[in-house]
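Please treat every number below as a calculation from the coordinates, not as lab data. These numbers were taken from a predicted model, which means no experiment stands behind them. Neighbour counts are summed over all protein chains in view; Cβ atoms, including those assigned to glycine, are modelled from backbone coordinates with ideal geometry.
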Amino acid sequence: TVIVFGSINIDLVATVSRLPLPGETLLGRDFFQAPGGKGANQAVALARLGIPTQMVGRIGADNFGAELVKSLQASGVQTENVFVDQTVSSGVAAIAVDDAGENQIIVIPGANGCVNQDDVERLSRLLPQASALLLQFEIPMSAVVAAARAATEVGVRVILDPAPAQSHVPDELYQLVDIITPNELEASQLVGFSVTGAESAKKAALQLRQRGVKNAIVKLGAQGVVCATSNETFFVPAFPVDAVDTVAAGDAFNGGLAAALSEGLSLHQAAIWGAAAGALAATKPGAQPSLPDRTTFDAFLKE
Ligand code: ADP
């Protein structure tokens, strides 16, 4: 089993011709809601690739929470350890997108912000059966660190997506991480210099390794990824596709990466699986709806 410990959100998306000014009321065009949250997206990415996946996290006791759990289950994610918090709302992202594709986003962490040591304890009970633990930064940092510690203690590999970008990450966390997977912006925040393109990504990856991470993979969007391991640095090019929307491409990458590792493949091969899943996610709009199933994925890799 692969465990994902992280955020579960509902995205409420309104489309408008232009974004409203402070105090202004505008008529929008369309509205839709869709399941999201980096944690849930990564869990769905894994489960669609046929990997037994457990989601550990929190939702509120509201209709959104119930729907979010249903949609995780519909993709095959095990949700017995998604805790219903009676005291807060589910995590919500209120998003406005204008005609130029510019957006305004308000994220209410809700239940995600209440993830704590109790959840880490529920997670710890699952660790003996787990092959990997996937973490992101949409739940409190103290919970992320405690989870990484618990996994490391029992020899479970920790894969950290340091997103959304953070500049302050506890030193201890680096030492607990087997694979860190920042994009260019996240890598820049972590290392303190601008990361754009393969050259600077390699420098950043090496620096992250010096901090104690075993392997660093810097995601470069349509270019591909740079990987630094204990004995080599290599580049994996992106798969050429007609990208329509790269939302959740990074989550798809992490799902593909962890799926390959749980099937016993090498880190190099896992980076290729990640790149394939990321590319496929970029060819479809939306977050979870764009994540590929195993049949589509295998056919794409064979081409
Ligand atoms: P994030 O979503 O975290 O910003 P990226 O945009 O770098 O991450 O995407 C993650 C991975 O998905 C990339 O490293 C790449 O392998 C793949 N990917 C993303 N965008 C494209 C694209 N336009 N074409 C092909 N592959 C892509």
Qualifying residue in the stretch 229-245 (condition: crowded, with 24+ Cβ neighbours inside 10 Å, acidic (Asp, Glu) and within 11 Å of the ligand (Cβ to nearest atom)): no
So GLU138, is it assigned to a loop (DSSP other than H, G, I, E, B) and either in contact (Cβ under 8 Å) with a residue 24 or more places away in the chain or small (Gly, Ala, Ser) (or both): yes
Answer from ALA279, ALA204, ALA258 - the residue that is surrounded by 15 or more Cβ atoms within 10 Å (Cβ to Cβ), more than 13 Å from the ligand (Cβ to nearest atom) and within 14 Å of ALA45 (Cβ to Cβ): ALA258
Qualifying strands (runs of 3 or more DSSP E) (wholly inside the stretch 38-119; at least 1 residues being without any contact (Cβ under 8 Å) to a residue 60 or more places away in the chain): 53-60, 82-85, 103-108
Flag if GLU186 is in contact (Cβ under 8 Å) with a residue 60 or more places away in the chain, under 17 Å from the mean Cα position of the chain (by Cα) and crowded, with 21+ Cβ neighbours inside 10 Å: no
